1. Could you list, in sequence order, the residues of the stretch 182-237 that are closer than 18 Å to Ser264 by Cα, surrounded by fewer than 16 Cβ atoms within 10 Å (Cβ to Cβ) and either at pLDDT below 95 or among the β-branched types (Val, Ile, Thr) (or both)?
2. Keeping to the stretch 260-293, report how many residues are under 10 Å from Phe244 (Cβ atoms) and free of Cβ contacts under 8 Å to residues at least 60 places away in the same chain.
3. Select, from Leu272, Leu240, Leu256, the only residue that is closer than 25 Å to Phe159 by Cβ, surrounded by 15 or more Cβ atoms within 10 Å (Cβ to Cβ), touching a helix residue (DSSP H, G or I) at 6+ places or on another chain (Cβ under 8 Å) and hydrophobic (A, V, I, L, M, F, W, C).
4. On the given criteria, is Gly69 under 23 Å from the mean Cα position of the chain (by Cα), in the same structural domain as Val122 (by TED's automatic domain parsing) and on the phi > 0 side of the Ramachandran plot?
5. Enumerate the strands (runs of 3 or more DSSP E) found wholly within the stretch 107-188, keeping only those where 1 or more residues are over 19 Å from Leu233 (Cα atoms) and touching a Lys or Arg at 6+ places or on another chain (Cβ under 8 Å).
6. Which one is nearest to Thr71 (Cα to Cα), of the residues in the stretch 13-53 that are in contact (Cβ under 8 Å) with a residue 24 or more places away in the chain and of a type in the set (D, E, K, R)?
7. Can you name every residue in the stretch 161-181 that is of a type in the set (Asp, Glu) and either free of Cβ contacts under 8 Å to residues at least 60 places away in the same chain or crowded, with 19+ Cβ neighbours inside 10 Å (or both)?
8. Yes or no: the stretch 212-223 includes at least one residue that is among the polar types (S, T, N, Q), within 30 Å of Glu118 (Cβ to Cβ) and either in contact with a helix residue (DSSP H, G or I) (Cβ under 7 Å, 6 or more places away or on another chain) or not in a loop (DSSP other than H, G, I, E, B) (or both).
Amino acid sequence: MTTRSYSKSPSGAPLYLKAMLPALPIVGRLPGIKHADGAVPDLVLERHGVTTDPDHLDSYNDVCGFALGDTLPATYPHLAAFGLQMALMTDASFPFAPMGLIHLRNSITQHRPIRVDETFDVSVRAAGLRPHPKGRLVDLLTTVTVDGETAWEEVTTYFRRGKGGAPEETLAPMAGVEAPDGVVHWRMAGNLGRRYGAVSGDRNPIHLYPITAKAFGFSSNIAHGMWTKAHCLAALQNRLPNAFTVHVELHKPILLPATTIFGSEETVDGYLFGVKGSRKPQTHLTGRIVTLK
């Protein structure tokens, strides 16, 4: 296993440029740019001594809807990992070019809340390259530790469309789960992707402007899946336990601007929640919170 350490989060703009190079004729086939088509890389990317900027946290809370507190929202450590995730996906040893990937699922386990004043370490690696009926899947595994203790973990699952036909080897966390009906309407402005992108560092063109999204086959720019997940947790913030796992499956993208409907219902071990369209009967996200004992 090779470990690559960073003193700060890798810069987003150079990474997005690197992410686009494999799609270019001739250039995309050059050594160091063309991605390997095999196993996941035996590589771990890590940062040590990560601290939280209170102003940045305030901006994140404002965009996502979280109330202020002395602990980090459960989705916030994802931002500390995002640069490492992009660096891993743009490495030529990663089995897929990142611009063709679809963020399909995300699972976060908060073993205990992380205080705003705590320093933590982050590591990212790839695993779980496997078939899907319409292509292949791969996971990015992120671990956050505080003083050597695992406080937070994330599994981000990406889908690559292509030759498939084989069923998934294990049942997806949200398989067979329907989004509950709701009455809470969310009005999402056309600049939401730019606002969240400025805070998160995720400036994928599909989220920014209609014209940049159309270049990738969307009729308009789309909301970030991680913003949608964060906004769901913000809506349930006062009911969340200290230790829990939250799974989400991302379905139809949310074309901005949009009005969506959030619904939730309590279960024996947590909550089910989801986001649906207000005009069309389509589901954008299904989620489940499971309390850890």
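The values are calculated or read from the model by the stated rules, or taken from the named source; none is laboratory data. These figures come from a predicted structure and were not determined experimentally. Using ideal geometry, Cβ is built from the backbone for each residue, glycine included, and neighbour counts are taken over all protein chains shown.
1. If the condition is that a residue be closer than 18 Å to Ser264 by Cα, surrounded by fewer than 16 Cβ atoms within 10 Å (Cβ to Cβ) and either at pLDDT below 95 or among the β-branched types (Val, Ile, Thr) (or both), then Val183, Val184 are the ones that fit.
2. Count: 6.
3. Working: Leu272 fails: touching a helix residue (DSSP H, G or I) at 6+ places or on another chain (Cβ under 8 Å); Leu240 fails: closer than 25 Å to Phe159 by Cβ.
Every option except Leu256 fails the conditions.
4. On the way: under 23 Å from the mean Cα position of the chain (by Cα): yes; in the same structural domain as Val122 (by TED's automatic domain parsing): yes; on the phi > 0 side of the Ramachandran plot: no.
Considered against the rule, which asks whether it is under 23 Å from the mean Cα position of the chain (by Cα), in the same structural domain as Val122 (by TED's automatic domain parsing) and on the phi > 0 side of the Ramachandran plot, Gly69 comes out as no.
5. Values: elements: 120-132, 135-146, 149-161, 184-188.
Hits in the stretch 107-188: 120-132, 135-146, 149-161.
6. Ranking the qualifying residues of the stretch 13-53, first place goes to Arg47.
7. Step one: of the stretch 161-181, the residues of a type in the set (Asp, Glu) are 168-169, 178, 181.
Result: Glu168, Glu169.
8. Within the stretch 212-223, the subset among the polar types (S, T, N, Q) is 212, 219-221.
If we keep only those that are within 30 Å of Glu118 (Cβ to Cβ) too, we end up with none.
No; the residues of the stretch 212-223 include none that is among the polar types (S, T, N, Q), within 30 Å of Glu118 (Cβ to Cβ) and either in contact with a helix residue (DSSP H, G or I) (Cβ under 7 Å, 6 or more places away or on another chain) or not in a loop (DSSP other than H, G, I, E, B) (or both).
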